[in-house]
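The values are calculated or read from the model by the stated rules, or taken from the named source; none is laboratory data. It should be emphasised that the depicted structure is a prediction, and the values quoted were computed from it without experimental measurement. No Cβ is skipped: glycine too gets one built from the backbone with ideal geometry, and neighbour counts run over all protein chains shown. Ligands, DNA and RNA are stripped out before the accessible areas are found, and what is left, the full protein with its side chains, is counted by its heavy atoms. Shrake-Rupley method; radii C 1.70, N 1.55, O 1.52, S 1.80 Å.
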Amino acid sequence: MADSNPLERGDRALGSRQLAAMLPDLAGARPAYRHLAEAISALILDGRIALHVRLPAERELAIVLNTSRATITAVYDLLRERGFAHSRQGSGTWTDLPEGRGTTGVTRLLGPEDIAIDLARAAPGLPGQALADALATVAPHLSEHANTPGYHPYGLPDLRAAVAERFSRRGLATVPEQILVTSGAQHAFTLVLALLCRPGDRVMAENPSYPNALDAMRRARLRTVSVPVTDTGWDIEIIESTLRQAVPRLAYLIPDFHNPTGCLMPQQERARLLRAAQRSGTWLVVDETLAELALDVPAPPPLASHATPRGSGQIITIGSMSKTHWAGLRIGWLRAPARLVTELAGQRVATDMGGSVLDQLLALTLLARAGELVPPRLEHLREQRAALAAALNEHLPDWTWRPPPGGLSLWVDLGEPIASALAERALDYGVRIEGGAYFATDPGIFEQRLRIPYTMPPDTLREAVRRMATALADGPSPSPASRRPHWVA
């Protein structure tokens with residue numbers, strides 16, 4: 001594997017009781033060691049057990065599982081034989097992946113002309129009339145700005161004030177000096193990484209997570225320490241122990257309708273997370289891009305609103321209009337301590353003197369109409385989610401998922417590790433979709449998962465599912481090595 005020394009990633013250990021709680025009931029399964037090894041391998045492939053984590057000592061695990069040490073020795077031997085673990089003299093047994101499960105290649109950006117139905121981008125469009133109305137509103141004000149240089153590295157003052165007021169209205173008192181307007185949430189995140197992190201620093205990330213954020217961490221040469229997000233959400237004890245053991249410089253989290261699982265972090269877990277991050281001195285970067293897309297529950301208050309005054313100084317909240325309005329605006333923001341906003345604005349000038357004045361004026365107008373524009377969008381998403389679920393039940397009844405309470409996509413379990421092969425074959429049927437591996441902190445896992453957005457009209461979603469079902473039924477699977485380049489949103 002590329003990371004041959006797990007100790008360089010932080011001495012992370014999985015407790016015997018933690019592992020036992022993850023394992024299914026294997027009472028009566030024979031031979032026991034083989035079923036245990038297969039269960040642990042499946043947990044690694046599903047991301048519930050992170051890579052490069054030390055497994056429990058054989059004697060401890062045998063006691064907790066009420067089995068013999070010889071059985072656990074056989075389990076670990078089989079895991080090592082299959083490539084899911086390796087041992088180092090004096091440092092125990094560590095989780096790993098078999099050789100050849102990684103992905104390589106250079107990414108080519110595919111445009112709308114390349115594919116008929118694009119399900120790789122979970123980003124809805126903006127109704128044409130809403131944009132036309134906003135442009136008509138903005139036009140008289142644009143001439144007022146034309147007589148100025150037009151550079152606003154912090155963002156237009158009126159837009160900063162509007163975003164600050166939006167935070168305050170949601171329960172997190174904010175002043176404009178705490179807001180930096182950026183060219184999208186991804187821009188905000190890369191600015192934060194460049195200012196706060198240095199190559200080799202450890203950063204904590206959910207597994208799975210947003211691929212573009214993970215790629216930004218890799219390009220910054222940071223060492224990711226993953227924590228699992230399952231169909232039922234986060235294991236706060238694993239997060240607490242990871243923060244305590246690895247002491248990451250920064251943690252990137254999507255607690256609101258998590259991308260790609262759709263999970264919503266419970267309020268009590270948010271408070272525990274904040275306390276654990278404060279104890280470890282870790283900067284928290286909270287991605288709120290999807291927070292307003294609440295379909296079945298009320299929109300949650302900002303995670304930072306749960307922080308104590310002493311613990312609020314190391315929380316950065318990022319958001320954008322890409323999911324609630326239109327990604328073509330390229331308008332995002334971050335909320336942070338005013339001192340940090342000043343430093344980030346200074347850093348921004350080196351590569352980006354400031355965002356488009358026109359786009360920011362449009363954003364200001366659209367945010368003022370959010371109460372009128374967002375509710376119909378949520379209703380459309382509910383209809384599209386229902387149409388996608390019905391189509392999957394009809395054409396692919398063996399696939400399973402949990403209906404998310406918000407967000408833009410389903411995180412579907414295919415029941416077998418065929419996601420990359422299916423995604424490759426679906427391209428020949430005019431459907432572009434990405435397998436779960438592209439949402440993983442480490443390559444080779446989530447091969448049994450697909451993220452399927454419900455951001456298109458119901459008829460389009462039904463046709464996409466029909467085509468995927470046909471692709472699955474037709475012909476041999478293409479080789480994973482032939483996988484065409486990708487990008488997701």
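Please count how many residues of the range 25-83 are buried (at least 16 other Cβ atoms within 10 Å of the Cβ), among the acidic types (Asp, Glu) and either over 27 Å from Gln245 (Cβ atoms) or without any contact (Cβ under 8 Å) to a residue 12 or more places away in the chain (or both).
Of the residues in the range 25-83, 1 are buried (at least 16 other Cβ atoms within 10 Å of the Cβ), among the acidic types (Asp, Glu) and either over 27 Å from Gln245 (Cβ atoms) or without any contact (Cβ under 8 Å) to a residue 12 or more places away in the chain (or both).
Go through the range 264-284 and give me each residue that's in a loop (DSSP other than H, G, I, E, B) and closer than 20 Å to Pro337 by Cα. First the steps, then the outcome.
Quick first cut of the range 264-284, residues in a loop (DSSP other than H, G, I, E, B) only: 264-266, 281-282.
Correct list: Gly281, Thr282.
Leu450: within 25 Å of the chain's Cα centre (by Cα), modelled with pLDDT of 95 or more, within 18 Å of Thr261 (Cβ to Cβ) and not in a loop (DSSP other than H, G, I, E, B), yes or no?
On the way: within 25 Å of the chain's Cα centre (by Cα): yes; modelled with pLDDT of 95 or more: yes; within 18 Å of Thr261 (Cβ to Cβ): yes; not in a loop (DSSP other than H, G, I, E, B): yes.
Taking the combined requirement at face value, the residue satisfies it.
Show the residue pairs meeting these rules: Cβ distance below 8 Å; 6+ apart or different chains; first residue within the range 196-213 and at positive phi; second residue not acidic (Asp, Glu).
Partner pairs satisfying both residue conditions: Gly200/Arg221; Gly200/Leu222; Gly200/Arg223.
If you scan the range 437-447, which residues turn out to be open to solvent by 10 Å² or more (accessible area, probe 1.4 Å) and more than 14 Å from the chain's Cα centre (by Cα)?
Pro443, Glu447
Could you look through the range 286-303, keep only residues that are farther than 18 Å from Ala370 by Cβ and surrounded by 23 or more Cβ atoms within 10 Å (Cβ to Cβ), and pick out the one that is modelled with the lowest pLDDT?
Here is the first cut: in the range 286-303, the ones farther than 18 Å from Ala370 by Cβ are 286-287, 296-297, 303.
Add one more test, that the residue is surrounded by 23 or more Cβ atoms within 10 Å (Cβ to Cβ), and what stays is 286-287, 303.
Working: Val286: 98, Asp287: 98, Leu303: 95.
Across the range 286-303, the extreme among qualifying residues is Leu303.
Go through the range 408-447 and give me each residue that's under 20 Å from Leu97 (Cβ atoms) and either part of a helix (DSSP H, G or I) or of a type in the set (Lys, Arg) (or both).
Restricting attention to the range 408-447, the residues satisfying the condition of being under 20 Å from Leu97 (Cβ atoms) are 413-414, 416-421, 423, 434-447.
Hits for the range 408-447 are Ala419, Ser420, Ala421, Ala423, Gly436, Ala437, Tyr438, Phe439.
Can you tell me which residue among Glu394, Glu416, Glu434 is among the acidic types (Asp, Glu) and either open to solvent by less than 20 Å² (accessible area, probe 1.4 Å) or closer than 30 Å to Ala136 by Cβ (or both)? Please lay out each step first, then the result.
Working: Glu394 fails: either open to solvent by less than 20 Å² (accessible area, probe 1.4 Å) or closer than 30 Å to Ala136 by Cβ (or both); Glu416 fails: either open to solvent by less than 20 Å² (accessible area, probe 1.4 Å) or closer than 30 Å to Ala136 by Cβ (or both).
Testing whether each residue is among the acidic types (Asp, Glu) and either open to solvent by less than 20 Å² (accessible area, probe 1.4 Å) or closer than 30 Å to Ala136 by Cβ (or both) leaves just Glu434.
Limited to the range 350-379, what total is found for residues that are in contact (Cβ under 8 Å) with a residue 40 or more places away in the chain and open to solvent by 60 Å² or more (accessible area, probe 1.4 Å)?
3
Against the condition crowded, with 24+ Cβ neighbours inside 10 Å and more than 21 Å from Gly200 (Cα to Cα), how does Ile315 come out, does it pass?
On the way: crowded, with 24+ Cβ neighbours inside 10 Å: no; more than 21 Å from Gly200 (Cα to Cα): yes.
So Ile315 does not fit the description; no.
Which pairs have Cβ atoms under 7 Å, sit 6 or more apart or on different chains, and link a residue in the range 116-137 that is among the polar types (S, T, N, Q) to one that is in a helix (DSSP H, G or I) and surrounded by 15 or more Cβ atoms within 10 Å (Cβ to Cβ)?
Pairs found: Thr137/Thr365.
For the range 395-408, give me each residue that is in contact (Cβ under 8 Å) with a residue 12 or more places away in the chain and not aliphatic (A, V, I, L, M). Walk me through it before giving the result.
Going through the range 395-408, the residues in contact (Cβ under 8 Å) with a residue 12 or more places away in the chain turn out to be 395-396, 398-408.
The answer is His395, Asp398, Trp399, Thr400, Trp401, Arg402, Pro403, Pro404, Pro405, Gly406, Gly407.
Just to be sure, is Ala426 surrounded by 14 or more Cβ atoms within 10 Å (Cβ to Cβ), over 29 Å from Phe189 (Cβ atoms) and free of Cβ contacts under 8 Å to residues at least 24 places away in the same chain?
Working: surrounded by 14 or more Cβ atoms within 10 Å (Cβ to Cβ): yes; over 29 Å from Phe189 (Cβ atoms): yes; free of Cβ contacts under 8 Å to residues at least 24 places away in the same chain: no.
It is false that Ala426 is surrounded by 14 or more Cβ atoms within 10 Å (Cβ to Cβ), over 29 Å from Phe189 (Cβ atoms) and free of Cβ contacts under 8 Å to residues at least 24 places away in the same chain.
As an exercise: evaluate Pro404 against (1) open to solvent by less than 10 Å² (accessible area, probe 1.4 Å); (2) closer than 18 Å to Met321 by Cβ and give the number of the one condition it does not meet.
Among (1) open to solvent by less than 10 Å² (accessible area, probe 1.4 Å); (2) closer than 18 Å to Met321 by Cβ, Pro404 violates only (2).
Within the range 12-28, track down each residue that is closer than 9 Å to Leu55 by Cα and either touching an Asp or Glu at 6+ places or on another chain (Cβ under 9 Å) or assigned to a helix (DSSP H, G or I) (or both).
Gly15, Ser16, Leu19, listed by residue number.
Could you grab me the full set of residues in the range 285-308 that are assigned to a loop (DSSP other than H, G, I, E, B) and polar (S, T, N, Q)?
As a first pass, look at the range 285-308 and keep what is assigned to a loop (DSSP other than H, G, I, E, B): 288-293, 295-302, 307-308.
Thr289, Thr308 - these are the residues of the range 285-308 that are assigned to a loop (DSSP other than H, G, I, E, B) and polar (S, T, N, Q).
Considering the range 320-349 alone, what residues qualify as being farther than 17 Å from His187 by Cα and either crowded, with 18+ Cβ neighbours inside 10 Å or among the basic types (Lys, Arg) (or both)? Even if it seems obvious, please write down each step before you answer.
So in the range 320-349, the residues farther than 17 Å from His187 by Cα come out as 324-325, 337-339.
Those that are farther than 17 Å from His187 by Cα and either crowded, with 18+ Cβ neighbours inside 10 Å or among the basic types (Lys, Arg) (or both): Thr324, His325, Arg339.
Hey, any hits in the range 392-401 for a residue that's closer than 21 Å to Pro211 by Cβ and at pLDDT 95 or above? Lay out the reasoning, then the answer.
Here is the first cut: in the range 392-401, the ones closer than 21 Å to Pro211 by Cβ are 401.
From the residues that got through so far, the ones that are at pLDDT 95 or above too are 401.
Checked the range 392-401: at least one residue is closer than 21 Å to Pro211 by Cβ and at pLDDT 95 or above.
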